[in-house]
Amino acid sequence: MEFFSTTKTLGILGGGQLGKMLLYTTRKWDIKTKVLDPSESAPARLACDEFVMGSLTDFQTVYEFGKGLDVLTIEIEKVNVEALEKLEKEGVKVYPQPRVLKTIQNKCLQKKFYRNHNIPTASFDEFENLDQVKEGIIKGELSFPFVWKSAEMGYDGYGVSIIYSNKEIEGLNDGPCLIEELVPFEKELSVIVCRRPSGETVHYPVVESEFHPTANQVEYVLCPARLSEQATNKAIEIALQTAEAYGQIGLLAVELFLTDEGEVLVNEVAPRPHNSGHFSIEASYTCQFEQHIRAVLDLPLGKTESKASAVMVNLVGKEGHTGLVVYKNIDQILAIEGVTPHIYGKKETRPFRKMGHITIIHPKIDTARKMAKQVKETLSVISK
């Protein structure tokens, strides 16, 4: 199917920063795009050919948006799958496929998928509500500490908590949830795999993530991960196994734990461009966003090797600041060689809101990490 300089249209559900960065490639290649997002100030609104404001979770809105598209993809999982199923039956190519999204949207279904496909993951139990969780504690079936995950709607650290006592349970959202073993781990890893309909599969290098101590949010992503060859190969093997089991088209970011005992376990996945792949814009021969466009349009996949070591720093709103955004000292970091900031276009900041990211390129990963710390300490996202 020819998309270059034609009227054939690629639709994208979601117009946030990931949607905006997907459009870097479609603008470069003159591919017609249509974006749906609930916000009139969505970052992607200015770079697409047609912008539609509307709900991503409403059946009729998503269905009407998708009618007449040639290919439809996503930048966020929280979309109406039933509408996508109907569109797929009517001939629209929907990637990732609705059946994949349906499993991934629900953390309980996702974990059972790993168990059923012999994919290593932390042990877990399902519960319908918090009363069942409390009953499990009383009966001795559960013991502290453990990880609580909301079955649905968790995203970017939200809907996930480590529970150390009964008191902390009271602050959780009631409803279906997953209770997972708290696994002692050495590192949190990620491998992004990409598949196209014709069958070609590629993967990016293993990266490691460092988290903010209280916000449960990634602060730094390092590529390559500082791992043994054995651990690196194991992470890639399990990521490829996971992608093959899902059979998804497009990107699949596989988040992993490297345990203290040297095991590699799947935590969860995201079937879209991912924060752990932002480094690839500067550091890879083919960035994750271009790769996803190549995949959903069934084009040959690009080279995934890195040109240099890289560290990505998430640029988030400073605590205590809400309102119109100011990027304090951004001129100072622009003076540092190998530093590239990406500003997402969100006009208002709030504590820990993702406002952008910065990539640091250097031949040595340890040097890049030191530079990333300097950048983090210099640049502040504050309000006016």
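Can you name the residue in the stretch 224-245 that is hydrophobic (A, V, I, L, M, F, W, C) and part of a helix (DSSP H, G or I) and is also farthest from Ile104 (Cα to Cα) among such residues?
Filtering the stretch 224-245 down to residues hydrophobic (A, V, I, L, M, F, W, C) leaves 225, 227, 231, 235-236, 238-240, 243, 245.
Filter once more, keeping what is part of a helix (DSSP H, G or I): 231, 235-236, 238-240, 243, 245.
Values: Ala231: 25, Ala235: 20, Ile236: 20, Ile238: 17, Ala239: 15, Leu240: 16, Ala243: 12, Ala245: 12 Å.
Filtering the stretch 224-245 for residues that are hydrophobic (A, V, I, L, M, F, W, C) and part of a helix (DSSP H, G or I), the one farthest from Ile104 (Cα to Cα) comes out as Ala231.
Output yes when any residue across the stretch 229-244 is out of contact with any Leu (no Cβ under 9 Å at 6 or more places or on another chain) and under 16 Å from Pro273 (Cα atoms), and no when none is.
no
Rundown of residues vs (1) at pLDDT 95 or above; (2) in a loop (DSSP other than H, G, I, E, B); (3) not basic (Lys, Arg), yes/no style:
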| position | (1), (2), (3) |
| --- | --- |
| Arg272 | yes, yes, no |
| Gln291 | yes, no, yes |
| Pro300 | yes, yes, yes |
| Leu315 | yes, no, yes |
| Ile336 | yes, yes, yes |
| Met355 | yes, no, yes |
| Thr359 | yes, no, yes |
| Val375 | yes, no, yes |
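Suppose we filter the stretch 3-59 for residues that are modelled with pLDDT under 95 and in a strand (DSSP E or B); how many remain?
Number satisfying all stated conditions: 0.
In the stretch 200-237, which residue that is crowded, with 16+ Cβ neighbours inside 10 Å and β-branched (Val, Ile, Thr) is farthest from the chain's Cα centre (by Cα)?
Thr232
Restricting the search to the stretch 65-92, which residues are of a type in the set (Asp, Glu) and surrounded by 15 or more Cβ atoms within 10 Å (Cβ to Cβ)?
Asp70, Glu75, Glu77, Glu85, Glu88
The values are calculated or read from the model by the stated rules, or taken from the named source; none is laboratory data. Fair warning: this is a prediction, and the values are worked out from it, not measured in the lab. A quick note on method: Cβ atoms are made from the backbone with ideal geometry, for glycine too, and the neighbour counts reach across all protein chains shown.
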